[in-house]
Amino acid sequence: MDQDKSPIIGIDLGTTNSVVAAYVNGKIRVLQEDGEAILPSVVGLTLDGKLVVGQTAKNQLAAFPERTIMSVKRRMGEAVQLKLADQTFSPQEISAIILRRLRQRAEQILETEVTRAVITVPAFFDEDQRQATREAGVLAGLKVERIINEPTAASLVYHAGTGERRQVIVYDLGGGTFDVSIVRIEGGVIEVLSSKGDTKLGGDDFDELLSKHVSDMFFDQHGIDLLSQSNTHWRLKQACERAKCELSTMSSVRITEEFIAEVNGQPVSLDVEVTRSEYENLIFGLVQRTIECVDLAIRDAGLTTMQLDELILVGGSTRTPLVQRRLREEFKREPLWSVNPDLAVALGAATQGAMQAGNAIGPVLIDIATHTLGVDALNPSSILPQAIYVPIIHRNSPLPAKYEEVFETISLDQRTVVINVFQGESSELSQNRKIGSFKLDGLNQGANADGEILVRFELTLDGVLRVEGIERQSKIATQIKIDNALSRMGIEQAKTAGSRLETLFDGSDELLREWSASDYEDEDTFATASTDTPDGSIVRVDDLSQPSSKVRQLLDKAKSVREGLSEEDTADIDRLVQAIEEAQNANAIEKLDELRTELDDLLFYLAE
């Protein structure tokens, strides 16, 4: 089948559950299998080595935790290997297995080959995590047409086709992540005004707190820590997950597990009661963190709570009564539940996919940069060579975004600059994360050299960052494409992963196509961006332990003029030189400035 003719499915690749949806007969609908819309995001290997995905894998978790992987979404973007039985897999590979299973479901229901998808990610996923998600899609045999933010996808479902102006909070609390976006909808356009979130906060954390509480109760009764052993840990966690869901509608629950441990050779069962009040006290701090994120997002959008028209809840964890109650208290409005919170994101992704396929069913989507991106540079006002963070594209900038800044080389005879790319919100360079680096060689050294270097950033709708360095006089240019990952796969590694996944599926999936070299021809997806600092000087100095050019020149001058001076004069010079070096080592900038002035005055006097 011509890939351009393939339907574009929408996938919500979730921490605990995943969903696939598509445009079918003029409508967006979730694709169900055996009456189930949700696929648990769990992958396992049975004792006979058979690959299992979804509910079957989840069922074996308590008995065989070492043969099962869950919550892989929390590891996306990390350069780690996850152990599954006697094998190891990257987070991309495990996610690819889940995506393949969803793709298979879509092909069976739509009765056609599916090779294209829109995949959602948390709004606060960073560049590494987004690219890892894209890689997982490619390993699953999908052309990822677009990566969109989960709250944005949900807003498409609620307001597709509307022309009325609305300003909306989309509060998305899932199993593993939390996001909030402030969205303006007007005239067929959805514009994201701001986003905040926490990629390590969700229903899984609620489960852990409840599990710890119940484990402590059991320990007080029997002296056994249920969380210290993997099999009892997972049995307890699954029991607490069920209890958490029941507490959404009941005031108290009994958490029971037969023969969960042994005391003096005798089997002991778990049987404790937990009230909703107890549970809410446990999770109150986590819920409050989400409220604080919402407050910040509203502030970033330049709005007040009175200017917001709707509050949309997305994600299964929003069923928690405490979440709803705190939102009502804080924002003085009733949350919207008209779309199943477990399915809204996938429906939105499918809406975006249908629009990209040419179906006029929804508004134009304007998304934003969720993180600030910039470079390091030398602080021109600092005597010591102090590297600072210079933002180029700011968080919440509409996408696609294109911005540029002009810098200067350290000296006019400089032949090379190294441009380091960072991501983060802190004004302190060390608090931000380096995501790429490249070198601009052969700079102009002619009489007309002015040392000006133009640094241009371009961030696409999918979060692909292109950074270009250009010497303005000579037009010498170099660029790097950062597809957003320190942990990205190379082409050869991707080929190996694709072949291994085929072997795991063992040919049982007839709808999975053969892997070929053409799957990896697009270097945009797999060509690794260097994160090592190349040799050479840059717009800043690389070795921050070295003195700045002003101080260095002064010290050189001191050494050159001390010859032939009196013993008293040379002693004064040596004293000041030693004091300057000590101030440099202590990074005492004010003291250094004072000593530099004193030495400069002394050398001027002696020259006279």
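Summary of values
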{"quantity": "Two-site label geometry, Ser566 and Asn379: point separation in nm, points 7 Å out along Cα→Cβ", "calculated": "4.0 nm"}
{"quantity": "Segment 294-368 - percent of accessible surface contributed by carbon and sulfur, probe 1.4 Å", "calculated": "51 percent"}
{"quantity": "Contact order normalised by residue count of segment 202-283, Cα under 8 Å, 6+ apart, percent", "calculated": "26 percent"}
{"quantity": "Kirkwood hydrodynamic radius of segment 115-221, Cα pairs, Å", "calculated": "15.9 Å"}
{"quantity": "Area accessible to solvent at Thr232, 1.4 Å probe radius, in Å²", "calculated": "10 Å²"}
{"quantity": "Global size of segment 142-195 as Cα Rg and Dmax, reported in angstrom", "calculated": "11.9, 35"}
{"quantity": "Residue order for Asp86, Asp413, Asp462 - accessible surface, 1.4 angstrom probe, largest first", "calculated": "Asp86, Asp413, Asp462"}
{"quantity": "Residues of type lysines that Lys591 reaches as a straight line, Cα spacing below 27 Å, ignoring anything fewer than 8 places off in the same chain", "calculated": "Lys550, Lys557, Lys559"}
{"quantity": "Ranked order, Cys245, Cys293, Cys240 - accessible area, probe 1.4 Å, largest first", "calculated": "Cys245, Cys293, Cys240"}
{"quantity": "Val24-Gln493 pseudo-label distance in nm [points 7 Å out on the Cα-to-Cβ vector]", "calculated": "3.8 nm"}
{"quantity": "At 0.890 mPa s and 25 °C, Stokes diffusion of segment 1-93 via Kirkwood alpha-carbon radius, µm² per second", "calculated": "165 µm²/s"}
{"quantity": "Pair Gln221, Arg254: separation of 7 Å Cα→Cβ label points (nm)", "calculated": "1.1 nm"}
{"quantity": "Pairwise FRET efficiency - Lys557 versus Lys475, Cβ, R0 = 51 Å, nearest 0.05", "calculated": "0.85"}
{"quantity": "For segment 215-296, alpha-carbon Rg and Dmax in angstrom", "calculated": "15.2, 55"}
{"quantity": "Full-extension gain in nm, Ser338 to Glu111, via 0.36 nm per residue minus C-alpha separation", "calculated": "78.7 nm"}
{"quantity": "Isotropic mean projected area of the C-alpha convex hull, segment 310-440 (nm²)", "calculated": "13.3 nm²"}
{"quantity": "Net lengthening on full extension, Val406/Ala79 (0.36 nm per residue, minus Cα-Cα)", "calculated": "114.3 nm"}
{"quantity": "Entries of Lys237/Lys495; Lys58/Lys481; Lys73/Lys196; Lys5/Lys200 with Cα pairs more than 28 Å apart", "calculated": "Lys237/Lys495; Lys58/Lys481; Lys5/Lys200"}
{"quantity": "Virtual paramagnetic centre 7 Å along Cα→Cβ of Leu454, amide N under 15 Å, in segment 399-413", "calculated": "402-408"}
{"quantity": "Exposure rank, largest accessible area first [Tyr23, Tyr279, Tyr158; 1.4 Å]", "calculated": "Tyr23, Tyr158, Tyr279"}
{"quantity": "Contour excess over end-to-end distance, with Cα ends at Glu330 and Ser228 and 0.36 nm allotted per residue", "calculated": "32.8 nm"}
{"quantity": "Two-decimal log10 I(q)/I(0) for segment 170-215, as the Debye equation yields it once each C-alpha is a single scatterer, q = 0.17, 0.20, 0.26 Å⁻¹", "calculated": "-0.58, -0.68, -0.86"}
{"quantity": "Rg/Rg_globular for segment 202-342, with Rg_globular taken as 2.2 N^0.38 Å and Rg from C-alpha atoms", "calculated": "1.27"}
{"quantity": "Estimated translational D of segment 64-179 in µm²/s (Stokes, Kirkwood radius over Cα pairs; 20 °C; 1.002 mPa s)", "calculated": "135 µm²/s"}
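The values are calculated or read from the model by the stated rules, or taken from the named source; none is laboratory data. All of these numbers come straight from a predicted model, not from anything done at the bench. Reconstructed Cβ throughout: ideal geometry from the backbone, glycine too, with neighbour counts over all protein chains shown. Side chains are part of the model used for accessible areas, which takes the heavy atoms of the whole protein and leaves out ligands, DNA and RNA. Shrake-Rupley method; radii C 1.70, N 1.55, O 1.52, S 1.80 Å.
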